[in-house]
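Data block below; observations after.
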Amino acid sequence: MLTEPVGRLIIKNAVPTVITMMITAIYNTADTYFVSKLGTSASGAVGVIFTLMFLMQACAFTIGMGSGSIVSRALGSENFKKANVVCSTAIFTAFFTGVLFTVFGNIFKEGLVRHLGATPTILPYAVDYARYILFGAPFIITSFAMNNLLRFQGRAAFSMVGMISGGILNMILDPVFIFVFDLGISGAAIATLISQIVSFLILLSMFVRKKSLAELSVRHISHSARTYSDIITSGLPSFFRQGMGALSGIFMNRQAAFYGAIALSLAADSALAADSAVAGMAITNRVDKLLLAVAIGLGQGFQPVCGMNYGAGKIDRVKKAYAFLVKASASVMSVCAVAVFIFAPEVVRFFRDDDAVVAVGALALRFQSCILPFHALIFGTNMLLQVAGEKKSATFLSSMRQGLFFIPCIFLLPHVVRRLGFEPILGVQMTQMICDMLAAVCSVPFTVRFFRKLGEN
């Protein structure tokens, strides 16, 4: 980590991480594909519950990436005791957080699903799907936390095994439970639950079998509030990045349903039109997350390289690693952007062969493809600052894309485009592109300031 060429190290760490991210995104996308065969309302339900899973991931990444960045720096400075304490504390905290999701989520399940943006016709499907996802919360949250802890130690290959095993199993079980056992949307949720438990057990075995550089033991659980505070504050950028994603998903579902009903009601029942718009945006977001898995995977391959070298004081290697990350990520995402822009209607129709769904989803997907290369700056800078312990800057940046920019834009843009003579749904479709562009521009001064500060030190 401290001597091998940084480009080679990033690729070595990124390959299993990208595969992990892609498989995770693919099996999430597989849920959308198979459930979409049940109808437009069922397809919309997956998009709604995807927001709930984003909330779980927000907690998981807060704990996993917060503790992982601390463990990475501790290992770089050879403080193994601290690494053991932070690792064990984080894993047990993640499981307890999942238990809270299970208990309170099931108590308030129907109200929760409504607040996530379910329309009356989507609601029954969403409740059925949420029931099993909530029971799996402890395993989902802890799996993502353990995955990140292994990655930050340069053990991406081990984390890949756990996540991929669950992902492949989910893709196999989806059609079996949905169609063979005739369980409908509940079958998709049960398949996801079983797959997440398998991933959890495999990742846990990595720590039990001492594949991790940091030890997992009840003896290492911290009784100091400072340890928990350090983990949470270090993970706040991830919380805002994922948490704002969940919040933006709620507003996206609601705005898509409202303006979709207006735009499509001339050709369809208004309830069905609303569901078509929600389904179209849900498919767009799933495809977008699948593509962004590449950029995020490269960034996560960069994080342990950056963390250990930063902890060891090798600043030149940190600079080289960041430059390599941005160039590699921008190149790959540019190729993806061209392909998606050209084939956007076919991509959406692959999931749901419904003209109304394609009408909403294809244009939104084309808008989002235009900004894909700039995610190299958005994720690269955010991950750099987070690993280096620049908590305030990283948190502020991560809250921009799907928070500070997204929330006002999703409400304002429909009105703006209507005044320009277009259907308001266009404002919903182009919101994410506008927000991503603003976030990329804002990343530049933060990057310049960080490296200038390093040069002064």
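The table below gives the values:
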item	result
Loop sites in segment 10-85: trypsin sites (Lys or Arg not before Pro), DSSP, at most 15 other Cβ within 10 Å	37
Crossing angle, helix 425-456 versus the chain [Cα axis fit, 0-90 degrees, rounded to tens]	10 degrees
Tilt relative to the chain, helix 40-76 - C-alpha long axis, 0 to 90 degrees, to 10	10 degrees
Over 18 Å between alpha carbons, listed pairs 392/453; 314/392; 12/320	314/392
D_trans [Stokes-Einstein, Kirkwood Rh over alpha-carbon pairs] for segment 178-230, 20 °C, 1.002 mPa s, µm² s⁻¹	151 µm²/s
Solvent exposure of segment 1-132 as accessible area per residue, Å², 1.4 Å probe	35 Å²
In Hz, Karplus ³J(HN,Hα) per residue of segment 281-298 (6.51, -1.76, 1.60; θ = phi - 60°; x = Gly, Pro)	6, 5, 5, 4, 5, 5, 5, 4, 5, 4, 5, 5, 4, 5, 5, 5, x, 4
Whole-percent carbon and sulfur share, accessible surface of segment 122-225, 1.4 Å	70 percent
With at most 16 neighbouring Cβ atoms within 10 Å, loop chymotrypsin sites (Phe, Trp or Tyr not before Pro) (DSSP) excluded, longest segment of the chain	182-421
Accessible surface, per residue, of segment 324-457 when the full set of protein chains is kept, probe 1.4 Å, Å²	44 Å²
Spin-label model distance (nm) - residue 225 vs residue 346, 7 Å beyond Cα toward Cβ	5.9 nm
Relative contact order computed over the chain (Cα-Cα under 8 Å; 6+ residues apart), in percent	23 percent
Segment 254-365 - percent of accessible surface contributed by carbon and sulfur, probe 1.4 Å	67 percent
Which of 40, 341, 232, positive extreme of dipole for the chain (C-beta unit charges)	232
Accessible surface of segment 3-95 [probe 1.4 Å, protein heavy atoms]: carbon and sulfur percent	66 percent
Span per principal axis, largest first, for the Cα atoms of segment 263-387 (Å)	63, 25, 19
The chain, dipole about Cα centre (Lys/Arg Cβ +1, Asp/Glu Cβ -1), debye to the nearest 20	1720 debye
Å² per residue, accessible surface of segment 150-227 at 1.4 Å	44 Å²
Cα long-axis angle, helix 315-351 against the chain (0 to 90 degrees, to the nearest 10)	20 degrees
Potential extension, residue 209-residue 103 segment - 0.36 nm per residue separation minus Cα distance	35.1 nm
Derived scalar couplings ³J(HN,Hα) [segment 395-410; Karplus, 6.51 cos²θ - 1.76 cosθ + 1.60; whole Hz; x for Gly, Pro]	5, 4, 5, 5, 7, 6, 4, 10, x, 4, 8, 5, 4, x, 5, 5
Under Karplus coefficients 6.51, -1.76 and 1.60, residue-wise ³J(HN,Hα) of segment 79-89 in Hz, glycine/proline x	9, 6, 4, 5, 4, 5, 5, 5, 4, 5, 4
Rg/Rg_ref, segment 54-187, where Rg_ref = 2.2 N^0.38 Å and atoms are Cα	1.24
Kirkwood-based Rg to Rh ratio, the chain, C-alpha trace	0.97
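The values are calculated or read from the model by the stated rules, or taken from the named source; none is laboratory data. Because the structure is a prediction, the values reported are computed rather than measured. Every residue, glycine among them, receives a Cβ derived from its backbone with ideal geometry; neighbour counts consider all protein chains shown. Note: accessible area is taken over every heavy atom of the protein model, side chains too, but ligands, DNA and RNA are not part of it. Shrake-Rupley method; radii C 1.70, N 1.55, O 1.52, S 1.80 Å.
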